[in-house]
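Undergrad: Below: one structure in structure tokens.
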Amino acid sequence: MRLTPRLSAIAAMVPGGSVVADIGTDHGYIPVFLIAGGKVRRAVASDVKIGPLDKARGVIRRHGLEDRIETRLGNGLEVLKPGEVDTIVIAGMGGMLIKDLLEAGRSALEGIKRLVLQPMNAQEVVREWLSRNGYEICDETLAREKERVYQIIAAMPGERPIEDPFYFEIGKALIEKRHPLLPFLLEKKEKEYKKIIAGLNRAEQAGTAERLREYTRRLARLRGVMEQCSKWST
């Protein structure tokens, strides 16, 4: 089975030999890929909707993996018992929803060694939740499909919180590893900040001055990282 760049990057973050749960599995491609490739021992594939779960069941059947991948219908981490898996994948959802699922499923997080999260937006919300709830980000990567770049975050239990709020916005690991797609991500972030600043400059509501100063600071910091990136190949 061949995966898209996004799904392939997510699967690469799953530790070998683990027991994994793919929450919101959709077609079940990630657990099928991981089991068929011998990377993980067992998998749970869950979805809140019966339609996607039935599609996943069909993919699992076609690959003859019904005895290795269990499918479950349910919302978020409520489908898991504490300790039955050691790795959880939550991908393709908004950052706020991922945060809410983690918050609501704290009991299922007991004994989890790795979280692999791919928020479609609000990545800063996910990083901040992890940092403030006893997790440290151990790795990050990016994947590009056409004009979209996806951020994949791996976390494990730990006590190294993110002290600098800037790294909620842009993963520090991406800078440290000089990820080749980081300049592309930063360009998109720069456009986002400039659009917000332009809107705040036009606004006349009370309280916009502080937000304007904050986003101006963020933009300056972002451009500093962009300048740093420009020197990587020199």
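The values are calculated or read from the model by the stated rules, or taken from the named source; none is laboratory data. A quick note: this is a predicted structure, and the numbers were derived from the prediction, not measured. Quick reminder, even Gly has a Cβ in these numbers, built from the backbone with ideal geometry, and neighbours come from all protein chains shown.
Undergrad: Check segment 119-132 and report whether any residue there is in contact (Cβ under 8 Å) with a residue 40 or more places away in the chain, surrounded by 14 or more Cβ atoms within 10 Å (Cβ to Cβ), in a loop (DSSP other than H, G, I, E, B) and not small (Gly, Ala, Ser).
TA: no
Residues are listed down the side, and each one gets a yes or a no for (1) of a type in the set (S, T, N, Q); (2) within 30 Å of residue 146 (Cα to Cα); (3) surrounded by 15 or more Cβ atoms within 10 Å (Cβ to Cβ); (4) modelled with pLDDT of 95 or more:
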position: 26; (1), (2), (3), (4): no, yes, yes, no
position: 56; (1), (2), (3), (4): no, yes, yes, yes
position: 66; (1), (2), (3), (4): no, no, no, yes
position: 85; (1), (2), (3), (4): no, no, yes, yes
position: 88; (1), (2), (3), (4): no, yes, yes, yes
position: 101; (1), (2), (3), (4): no, yes, yes, yes
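Undergrad: Next question. Can you tell me which residues in segment 59-70 are free of Cβ contacts under 8 Å to residues at least 60 places away in the same chain and within 17 Å of residue 3 (Cα to Cα)? Lay out the reasoning, then the answer.
TA: Initial filter on segment 59-70 (free of Cβ contacts under 8 Å to residues at least 60 places away in the same chain): 59-62, 64-70.
Result: 59, 60, 62.
Undergrad: Continuing with this model, one more query. Of all residues in segment 37-54 being surrounded by fewer than 16 Cβ atoms within 10 Å (Cβ to Cβ) and at negative phi, which is nearest to the chain's Cα centre (by Cα)? I'd like the intermediate steps shown before the answer.
TA: As a first pass, look at segment 37-54 and keep what is surrounded by fewer than 16 Cβ atoms within 10 Å (Cβ to Cβ): 37-38, 41, 48-51, 54.
Okay, now just the ones that are also at negative phi, so 37, 41, 48-51, 54.
Numbers: 37: 22, 41: 22, 48: 19, 49: 21, 50: 24, 51: 24, 54: 24 Å.
Among those residues, the one meeting the criterion is 48.
Undergrad: Here is a further query. Which number in (1) farther than 19 Å from residue 8 by Cα; (2) touching a Phe, Trp or Tyr at 6+ places or on another chain (Cβ under 9 Å); (3) not in a helix (DSSP H, G or I) marks the one condition that residue 115 misses?
TA: Residue 115 satisfies every listed condition except (1).
Undergrad: Would you check which residues across segment 185-215 are assigned to a helix (DSSP H, G or I) and either in the same structural domain as residue 149 (by TED's automatic domain parsing) or aliphatic (A, V, I, L, M) (or both) and list them? So that I can check it myself, show each step before the final result.
TA: First pass over segment 185-215, keeping only residues assigned to a helix (DSSP H, G or I): 185-202, 208-215.
Correct list: 185, 186, 196, 197, 198, 200, 209, 212.
Undergrad: Further, regarding this structure: Collect the residues in segment 53-86 that are touching a Ser or Thr at 6+ places or on another chain (Cβ under 7 Å) and in a loop (DSSP other than H, G, I, E, B), keeping them in residue-number order.
TA: 74, 82, 86
Undergrad: Return only the number of the condition from (1) touching a residue at least 12 places away in the same chain (Cβ under 8 Å); (2) charged (D, E, K, R); (3) not in a loop (DSSP other than H, G, I, E, B) that residue 159 does not satisfy.
TA: Of (1) touching a residue at least 12 places away in the same chain (Cβ under 8 Å); (2) charged (D, E, K, R); (3) not in a loop (DSSP other than H, G, I, E, B), only one is false for residue 159: (3).
Undergrad: So residue 153 fits all but one of (1) in contact with an Asp or Glu (Cβ under 7 Å, 6 or more places away or on another chain); (2) over 18 Å from residue 93 (Cα atoms); (3) modelled with pLDDT of 95 or more; what number is the exception?
TA: (2)
Undergrad: Only one of (1) under 20 Å from residue 78 (Cα atoms); (2) among the hydrophobic types (A, V, I, L, M, F, W, C); (3) without any contact (Cβ under 8 Å) to a residue 40 or more places away in the chain fails for residue 116. Which number is that?
TA: So the condition that residue 116 fails would be (3).
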